[in-house]
Amino acid sequence: MKITLSWLADHLQGGTSLGRIVDTMTMIGMEVEHVIEPGKRLAAFSVAKVVWARPHPNADRLSVCTAETRDGVKEIVCGAPNARAGLTTIYAPVGAVIPATGMTLEARPVRGVVSSGMLCSARELEAGEEAGGIIELADDLAVGAPAAEALGLEAVIDFEATPNRPDWLGVAGVARDLAAAGLGRLISAPPATVAGGFTQPIDIRLPAPEACPAFAGRLIRGVKNSPSPAWLQQRLISIGLRPINALADITNFITHDRARPLHVYDAKTLAGGWIEARLGRPGERLRALDGRTYDIGPEMCVIADASGAIGLGGVMGGASTGCSEATTEVFIESAWFDPIRTAQTGRATGIVSDAQYRFARGVDPASLPAGIEQATAMILEICGGEPSEATLAGRPPPGPAAIDFDPAYVRRLGGLEVAPERSRAILEALGFEIGGHWRVRPPSWRGDVEGKADLVEEVTRIAGYDAIPAEPLPAMARPAAGMLTPRQARIRTARRAMAALGYQEAVTWSFIGRDQARAFGGGAAALVIENPIASDLDCMRPSALPGLALAAERNARRGFADAALFEIGPVFAGNEPGDQRAVVAAVRTPARRRRWDGLATEAVFELKSDLLALLEEVGAPAAQLRVDQSALSPWWRPGRGAALRLGKTVLAEFGELHPAALKALGREDPLIAFELALEAIPEPRRKATKGRPPARLSPFMPLTRDFAFVVDASVPAGDLARAVQGADRELIGEVGVFDVYIGEGLGVGEKSVALEVRLEPRRATLSDKEIEAVSERVVAAAAKAVGARLRGA
């Protein structure tokens, strides 16, 4: 929503500074996004007068102008056809940045003549659409006057109206809240009633009151549709709207002025002598005013006449009844459309018009007559004509219910001490009616006010949230230790860790089809459900992976093929008490990511990284884990999966699911996953204190040494790294694998693994002799653990 100060002044008397208005809007809840200040943007541009102009000696379509500017007399090359002596226009000096192009002006020759600046068009200054010539201004403007002032440009405030405040989508609504906050006096008044000269001849029908419960209309004969007057065009241009013609501009003006969308039909194009608001019919289509054709659904509100659909209620009118310069007779629509239905129509069609945006948030149901009267008055003033009587069909929804309110509740709930008289003044300034015993009736445009808490919010936001005293929260007793079991705490930690890794949590059934259960090692008769809720959900699940895989498949069918899902829940190996265990399972699509260096990334290793990060978070001894591919469950693809073992205990399995398992789930595309058994992670030793141990930071410079070991090809590189890590736990900080080689120079069934070992001295800088001693211990540890030997030794 955009407003200007001059437009705001139509409703708010007692002007104030732009900065104060913006600050007040922010304090009372309007989210000001930015302020467009032409005076600053066009500070380098000013008024100039062309003293004389002559043809360019080397170009037929260029002129050389001598212009009087605030920088003195300048010679400027100009290609505009209207450049002439005596013209008052806008001058851009050398060094200025042209808003429309971002180009910085330079003094350079144009076909042999140096141009010392530029004479600007409206489009170049983003002050209009005219680009065929330079701007022509009034002759009485002084040379050097600021361009923004000469063009009548003013600051524009762009703010976001919260969804519960559709009244802020009109300048009058903004002015009302600013006046209540002490910025001037509200001068908005309901438009005067215009007497009709004849009976309104078009019958208004409402066969679908759930979509359109009220519809007001009026016919005006003898209108002349021409371009809008300059003041109206400028109002619309200032907020980024393009003037169309007088009738369209009037409805656009009222939409932004009073948050009251209207529509004007060329009455002579209406068929059958009637108009109705109904629901859509099968096969209906509408060619709208935007030139596009839309399919109409059965839940959409349609405006129709005897010829069929002529508009989408609250969204957009049809091209067949649009007004043109030939229009002489108009029918004004002022209706109320159901917000939910209007929002759904907008989503289904992709239309986000100014009317749809407002009706979807809830237009003031009492504004139907006012909208008709304001539009009638403006049409008569600008286009002339003779109006009929206004007709209202149906009944708009009732306004908000009255609320019994105690002004002392402001202090109890809001923490702000406000005198009852001040609370009354604030609420009345906002349009609330207060009867005896503080029975408060919200105005018709405040459908969001439903209870006492809403009234407290109104008082405190106008009185000022910054006036609420800062008070510390009352002290709370510390909870007794042990409120969560280690397992519960581990589940909470795992849930947060997976969300931080970019996975979305899913909650799937604890039972699946028996055939699917067999594919994942289950399906025993003891786990078959006697009374399943569905025939394909008849067995307790042996793994959480089938449910997640099915959820990923459903996402893929709806266009979200790259979903990353996780679940924390129980799985069942039998029907005995100890057969249930908790797992963390996750699935992802193995899509290869694009990289700047062109190298391919392996999704399985990314998944493994996520699993290791999760294990670190839940307190598992990740450094002691061993990757094992020898005894993997059959639902993992051979060579594309592995288990993480702690000694003989399997903590987790990860990799690519076997095609046979995926086929049992009805999925063809590959899927990578992991499943972690929480009970398998050993409980950490209880510490005597909850304080962290002191940091072991060495004051001495660390150093690195590289080792290349030859090992059997079946030896995991991680086992070798762990063996080297244990060679000297006091000095060795980190061990990393940076190269693996298989090929010429090695024996059959051998590979070379290169390690970088980081030494971190604690007591003193290491001597060469001490470094050699550590190196010998590294070689010995590698040989003892996995039979490794130094390459080249």
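The values are calculated or read from the model by the stated rules, or taken from the named source; none is laboratory data. No experiment lies behind these values; they were computed from the predicted model shown. Please note: Cβ atoms are built from the backbone with ideal geometry, for glycine as well, and neighbour counts cover all protein chains shown. In case anyone asks, the SASA skips ligands and DNA or RNA and just uses the protein heavy atoms, side chains included. Shrake-Rupley method; radii C 1.70, N 1.55, O 1.52, S 1.80 Å.
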Let me confirm something: among ASP448, ASP454, ASP406, which residue is open to solvent by 10 Å² or more (accessible area, probe 1.4 Å) and outside any loop (DSSP other than H, G, I, E, B)? ASP454
Out of everything in the stretch 700-754 that is in a loop (DSSP other than H, G, I, E, B) and among the charged types (D, E, K, R), what residue ends up being least open to solvent (accessible area, probe 1.4 Å)? ASP728
Of the residues ARG84, ARG108, which single one is of a type in the set (Lys, Arg) and out of contact with any Cys (no Cβ under 9 Å at 6 or more places or on another chain)? ARG108
Looking at the structure I just gave you, is ALA189 without any contact (Cβ under 8 Å) to a residue 40 or more places away in the chain and either of a type outside the set (Lys, Arg) or surrounded by fewer than 19 Cβ atoms within 10 Å (Cβ to Cβ) (or both)? yes
Taking the stretch 235-256 as the search range and keeping residues that are touching a strand residue (DSSP E or B) at 6+ places or on another chain (Cβ under 7 Å) and part of a loop (DSSP other than H, G, I, E, B), which one is farthest from VAL35 (Cα to Cα)? GLY240
Among ALA319, ALA326, ALA309, the single one that is open to solvent by 40 Å² or more (accessible area, probe 1.4 Å), small (Gly, Ala, Ser) and touching a strand residue (DSSP E or B) at 6+ places or on another chain (Cβ under 7 Å) is ALA319
Starting from the stretch 766-784, keep only residues that are in contact (Cβ under 8 Å) with a residue 24 or more places away in the chain and open to solvent by less than 50 Å² (accessible area, probe 1.4 Å), then list their pairs with residues that are among the acidic types (Asp, Glu) and part of a loop (DSSP other than H, G, I, E, B) whose Cβ atoms are within a distance under 7 Å, requiring at least 6 positions of separation or different chains. VAL774/ASP728
Helices (runs of 4 or more DSSP H) wholly inside the stretch 1-45 containing at least 1 residues that are among the β-branched types (Val, Ile, Thr) and over 18 Å from ILE239 (Cα atoms): 18-27
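Quick one: in the stretch 126-138, of everything that is small (Gly, Ala, Ser) and within 23 Å of ASP60 (Cβ to Cβ), which residue is least open to solvent (accessible area, probe 1.4 Å)?
Checking each candidate, the answer is GLY133.
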Hey, among the residues in the stretch 249-280 that are touching a helix residue (DSSP H, G or I) at 6+ places or on another chain (Cβ under 7 Å) and without any contact (Cβ under 8 Å) to a residue 60 or more places away in the chain, which one's most open to solvent (accessible area, probe 1.4 Å)? THR269
With the requirement that a residue be in a strand (DSSP E or B) and among the acidic types (Asp, Glu), what does the stretch 274-325 give you? GLU276, ASP295, ASP305
Could you list, in sequence order, the residues of the stretch 1-58 that are in contact with a strand residue (DSSP E or B) (Cβ under 8 Å, 6 or more places away or on another chain) and among the hydroxyl-bearing types (Ser, Thr, Tyr)? THR4, THR26, SER46
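Looking at ALA211, is it in a loop (DSSP other than H, G, I, E, B) and touching a helix residue (DSSP H, G or I) at 6+ places or on another chain (Cβ under 6 Å)?
Judged against the criteria, ALA211 is a match.
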When you look at GLY173, is it in contact (Cβ under 8 Å) with a residue 24 or more places away in the chain, at positive phi and either open to solvent by 50 Å² or more (accessible area, probe 1.4 Å) or small (Gly, Ala, Ser) (or both), yes or no? no
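Yes or no, residue by residue, for (1) under 19 Å from GLY574 (Cα atoms); (2) among the acidic types (Asp, Glu):
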position: ALA494; (1), (2): no, no
position: ALA506; (1), (2): no, no
position: PHE520; (1), (2): yes, no
position: GLY523; (1), (2): yes, no
position: GLU530; (1), (2): yes, yes
What are the residues in the stretch 409-440 that are open to solvent by less than 50 Å² (accessible area, probe 1.4 Å), assigned to a loop (DSSP other than H, G, I, E, B) and either more than 23 Å from ILE28 (Cα to Cα) or acidic (Asp, Glu) (or both), if any? GLY435
Taking the stretch 616-671 and keeping only residues that are open to solvent by 20 Å² or more (accessible area, probe 1.4 Å), modelled with pLDDT of 90 or more and either on the phi > 0 side of the Ramachandran plot or among the small types (Gly, Ala, Ser) (or both), one is left with SER633, ALA660, ALA664
Log entry, pairs with first residue in the stretch 727-743 being more than 19 Å from VAL774 (Cβ to Cβ), second being open to solvent by 70 Å² or more (accessible area, probe 1.4 Å) and in a loop (DSSP other than H, G, I, E, B), beta carbons closer than 9 Å, six or more apart or on different chains, reads TYR741/ARG791
Candidates ARG108, ARG123 - the one that is free of Cβ contacts under 8 Å to residues at least 24 places away in the same chain, over 41 Å from the mean Cα position of the chain (by Cα) and surrounded by fewer than 18 Cβ atoms within 10 Å (Cβ to Cβ): ARG108
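Could you grab me the full set of residues in the stretch 235-248 that are β-branched (Val, Ile, Thr), open to solvent by 20 Å² or more (accessible area, probe 1.4 Å) and touching a residue at least 12 places away in the same chain (Cβ under 8 Å)?
Passing the criteria: only ILE237.
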Just one listed residue, out of VAL77, VAL114, VAL94, VAL47, is touching a Leu at 6+ places or on another chain (Cβ under 7 Å), open to solvent by 50 Å² or more (accessible area, probe 1.4 Å) and β-branched (Val, Ile, Thr), and it is VAL94
Selection from the stretch 522-570 of residues that are within 22 Å of VAL584 (Cα to Cα) and surrounded by fewer than 15 Cβ atoms within 10 Å (Cβ to Cβ): ARG554, ALA561, ASP562, PRO570
Is the stretch 352-367 home to any residue that is farther than 20 Å from ASN164 by Cα, part of a helix (DSSP H, G or I) and open to solvent by less than 40 Å² (accessible area, probe 1.4 Å)? no
